[in-house]
1. Could you tell me whether any residue of region 7-23 is assigned to a strand (DSSP E or B) and more than 21 Å from residue 306 (Cβ to Cβ)?
2. Can you find a residue that is on the phi < 0 side of the Ramachandran plot, surrounded by 19 or more Cβ atoms within 10 Å (Cβ to Cβ) and not in a helix (DSSP H, G or I) anywhere in region 60-76?
3. Can residue 103 be described as touching a residue at least 24 places away in the same chain (Cβ under 8 Å) and closer than 30 Å to residue 152 by Cα?
4. Can you say whether residue 14 is within 16 Å of ligand 1 (Cβ to nearest atom), within 30 Å of residue 170 (Cα to Cα) and surrounded by fewer than 18 Cβ atoms within 10 Å (Cβ to Cβ), as far as the supplied structure shows?
5. Run down 67, 78 and say which single residue is touching a strand residue (DSSP E or B) at 6+ places or on another chain (Cβ under 7 Å), modelled with pLDDT of 95 or more and closer than 18 Å to residue 106 by Cβ.
6. For region 239-275, enumerate the residues that are out of contact with any helix residue (DSSP H, G or I) (no Cβ under 7 Å at 6 or more places or on another chain) and either at pLDDT below 95 or assigned to a strand (DSSP E or B) (or both).
7. How many residues are modelled with pLDDT of 95 or more and more than 16 Å from residue 89 (Cβ to Cβ) if we restrict to region 25-54?
Ligand code: AMP
Ligand code: MG
């Protein structure tokens, strides 16, 4: 069976194709995307939706060419139905309905957060992991218990990626800011051959509330520090902070918070596997911190390749296929969007 998946929850429009006849490591036969990037500023919903409209045909053609297929050969169409930015989700849903009507193919609506977890189970050896899902808008610790993917901890305000991107924007870096912040944080470690070779860490608020986290206070604190740094620079005064120090300190703080709640979730759920997901999980320092924590408690960490960590459509196709085989199918009139649907609202029928 061949499933074509459409991703359009936020900055990325993607088409992925999976074929479940093939062996595990070969099932994904296309994973093509085009993402919004900016030099200044973040994602503006209406502009991101315009971007998706502009690129959707080309992305589809590329994905079909990559898989060497025609739309007639596809058995099921899946699309990201929840959660996400309404403007963006609507483009993917409409594109899915058009293909479904034109080629008479069944439709499946997929939850983007659960898709991150299921693609991780496909492309790694993880069987029943705790997912540390760190992306732009979403920050959740998820695990399977009693027929649902439960949220054991999450952000109480913005997502960790939004935090990093906003902080990066304040420093004058473009979108996405994560890779630049990682680079500058690394420079703080490597360019610091001072006496004891330790990078300079500036204390920031540490915001863990039980199993939940929040980033607003840390962001405000950093904004004040950036303002002070810029004012000192303008007056050619010595500045107590550099870009590198701030990036390093921000990363160390928020990653430590996430590792803490991930560890507690492993303990509470009595699970032995940690799976990383979401674009922020591309960060090598985060991976290193998670790996240390897992080793210390006899657990195993799994990290999919970057193309399956960031938003991608292969994961939508894969979960769509699992759902369809479990009997899930949408009527065309029900194939709308659910921007606010939560991970634990979904009845898991496929495992
Ligand atoms: P997603 O929404 O899952 O595609 O993830 C996008 C987010 O991942 C954006 O906020 C990026 O800034 C962030 N990101 C991408 N690469 C990195 C990285 N190396 N370190 C930290 N964050 C990253
Ligand atoms: Mg995502």
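The values are calculated or read from the model by the stated rules, or taken from the named source; none is laboratory data. Owing to the predicted nature of the structure, the values given are computational and were not obtained by experimental measurement. Every residue, glycine as well, gets a Cβ built from its backbone with ideal geometry; the counts of neighbours run over all protein chains shown.
1. Scanning region 7-23, I find at least one residue that is assigned to a strand (DSSP E or B) and more than 21 Å from residue 306 (Cβ to Cβ), so the answer is yes.
2. yes
3. So residue 103 does not fit the description; no.
4. Judged against the criteria, residue 14 is not a match.
5. Working: 67 fails: closer than 18 Å to residue 106 by Cβ.
Selected residue: 78, the only one of 67, 78 that is touching a strand residue (DSSP E or B) at 6+ places or on another chain (Cβ under 7 Å), modelled with pLDDT of 95 or more and closer than 18 Å to residue 106 by Cβ.
6. 240, 242, 273
7. Matching residues across region 25-54 total 9.
For every residue, the table says whether it meets (1) at positive phi; (2) touching a strand residue (DSSP E or B) at 6+ places or on another chain (Cβ under 8 Å); (3) in the same structural domain as residue 186 (by TED's automatic domain parsing).
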| residue | (1), (2), (3) |
| --- | --- |
| 253 | no, no, yes |
| 262 | no, yes, yes |
| 291 | no, yes, yes |
| 326 | no, no, no |
